[in-house]
1. Can you pull out the residues in the stretch 101-147 that are among the aromatic types (Phe, Trp, Tyr) and part of a helix (DSSP H, G or I)?
2. Would you mind telling me which numbered condition in (1) farther than 24 Å from residue 394 by Cβ; (2) without any contact (Cβ under 8 Å) to a residue 24 or more places away in the chain residue 239 fails?
3. Go through (1) more than 21 Å from residue 265 (Cβ to Cβ); (2) of a type in the set (Val, Ile, Thr); (3) modelled with pLDDT under 75 and name the single condition residue 194 misses.
4. Does any residue of the stretch 331-341 turn out to be surrounded by 12 or more Cβ atoms within 10 Å (Cβ to Cβ), modelled with pLDDT under 85 and either within 19 Å of residue 272 (Cα to Cα) or among the basic types (Lys, Arg) (or both)?
5. Only one of 255, 250 is more than 22 Å from residue 298 (Cα to Cα) and of a type in the set (A, V, I, L, M); which?
6. Has the stretch 41-48 got at least one residue that is touching an Asp or Glu at 6+ places or on another chain (Cβ under 6 Å), of a type outside the set (Val, Ile, Thr) and not assigned by TED's automatic domain parsing to the domain that holds residue 400?
7. Looking at residue 117 and the list (1) modelled with pLDDT under 85; (2) surrounded by fewer than 17 Cβ atoms within 10 Å (Cβ to Cβ), which single condition is not satisfied?
8. Take the residues in the stretch 215-258 that are out of contact with any helix residue (DSSP H, G or I) (no Cβ under 7 Å at 6 or more places or on another chain), loosely packed, with under 15 Cβ neighbours inside 10 Å and in a helix (DSSP H, G or I); name whichever of them is modelled with the highest pLDDT.
Amino acid sequence: MGKPSHLNTLLSVCFAIAIAIPLGTACTCHAEVLDTVHLKSGTVLKGEIKSRSDKNDPGRAWIVLETTSGAKYKLDLNRSVDFIIPASEEDIQYRKKARTLEENAGAHLELAKWCSDQKRGRTRFAEQIRWHYEQAVRLDPDHVVARRKLGFMKLDNGTWVMESQFAPRHGYFQRNNKWISELAKVVESRNEQIESQGGGAKEKLRKVLRDVKRNRIGIAELQAMLTDICNPSTIVMVHDESQKFDNPKLRRTFLDAIATVQAPPAWGALIKFALEDPDRDIREHALALLAQPEVNHSHVVIRLGSSLGNPDNEIINRAAFSIAEIASTDDYSRRDAFLPLIKSLITTHKVPTGNLESGRIAPTFGGGQSGFQTGGGKQFEDVERKNQQSLDALRRLTEIDFGYDESRWTQWYIQNFTHHDLLVGHDE
């Protein structure tokens with residue numbers, strides 16, 4: 001016996017208007033690209049169209065949409081759907097790649113780069129790109145490239161901070177999405193005065209130093225006086241005098257005055273502050289000043305590169321970190337950084353062993369007795385050190401990673417930056 005006709009009609013109507021019946025839930029990737037379905041009711045649903053009705057049956061046209069929350073909806077195309085904006089071909093390709101993505105930082109970085117390489121990819125896939133960088137950091141919290149892409153910068157003590165928080169502390173303000181140094185305003189006017197300064201600057205400096213030692217002037221007054229004294233011919237003297245003060249506030253005042261001069265002697269002094277000053281805040285501040293656009297970054301990178309052979313392993317790592325900071329601000333100074341960084345991946349240092357050299361005699365005292373012991377001064381042994389900051393700098397500047405394998409890094413450099421112009425195997 002068949003169902004009553006009025007029940008058949010009711011069931012048909014119910015099917016036609018049952019547009020939002022959840023069919024189940026599933027996990028959807030946060031970075032998933034979506035199909036957009038606009039309903040006649042004004043509601044907009046986003047997700048992925050999982051299935052459709054047969055096109056040959058227009059009377060029962062429907063789709064099943066899985067939303068970002070994981071809910072599935074069966075939607076009647078005739079009664080409920082106004083229009084659909086489907087995912088593009090690039091979106092579909094991304095969706096396939098995302099679903100087969102390996103769960104490691106490198107894979108996420110590779111897919112982020114793929115998104116950026118698509119037409120208008122940085123705009124179209126902005127959310128996906130950022131999400132993949134965030135996943136890379138989640139899987140590898142110290143990943144240099146992903147951190148930098150997300151706006152982080154690494155301090156020389158290994159701490160990651162947001163650049164937007166760090167830069168204002170060191171006299172920068174943002175203009176057109178770039179960090180501009182407040183000091184640039186001073187530099188512009190200061191350069192006009194350099195030529196007019198006479199040879200009395202050194203005598204002025206001696207007087208200022210006497211007043212500082214006698215506590216006759218404060219920090220603000222000292223800053224103004226030093227700024228007036230500093231020029232290329234007095235920079236070395238100003239820097240050397242600054243090292244005689246244990247007070248970090250005084251040394252920073254000298255540093256800021258030196259930074260008003262845009263010339264190689266001033267950059268050399270800033271490099272010494274960045275690498276050698278015992279106060280971490282002063283080192284960070286000096287590096288921030290060196291990174292400003294008014295500085296010749298190639299000159300600075302080359303000078304820093306010469307410090308990668310320092311006997312002090314800590315200086316090597318500070319220099320490598322500084323090179324990464326400076327060279328990452330533009331493209332033209334990067335090539336100057338590669339070879340010195342490659343050579344400094346693993347360095348050899350002489351370390352005292354505490355043993356006496358054979359053949360020498362040293363006096364010994366103790367236990368109520370005195371005498372002599374064969375041997376002499378300290379002995380040293382060569383110890384290899386892996387420099388993490390050199391590796392991090394190469395990773396950051398190249399976005400590739402050969403670890404501490406110097407030969408592979410060298411081969412990469414030769415292949416990319418050496419011209420092969422020789423005619424080989426030419427026969428008449």
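The values are calculated or read from the model by the stated rules, or taken from the named source; none is laboratory data. Keep in mind the model is a prediction, meaning the values are calculated, not measured. Neighbour counts are summed over all protein chains in view; Cβ atoms, including those assigned to glycine, are modelled from backbone coordinates with ideal geometry.
1. 114, 131, 133
2. (2)
3. (1)
4. So far as the stretch 331-341 goes, yes, one or more of its residues are surrounded by 12 or more Cβ atoms within 10 Å (Cβ to Cβ), modelled with pLDDT under 85 and either within 19 Å of residue 272 (Cα to Cα) or among the basic types (Lys, Arg) (or both).
5. Every option except 250 fails the conditions.
6. yes
7. (1)
8. 240
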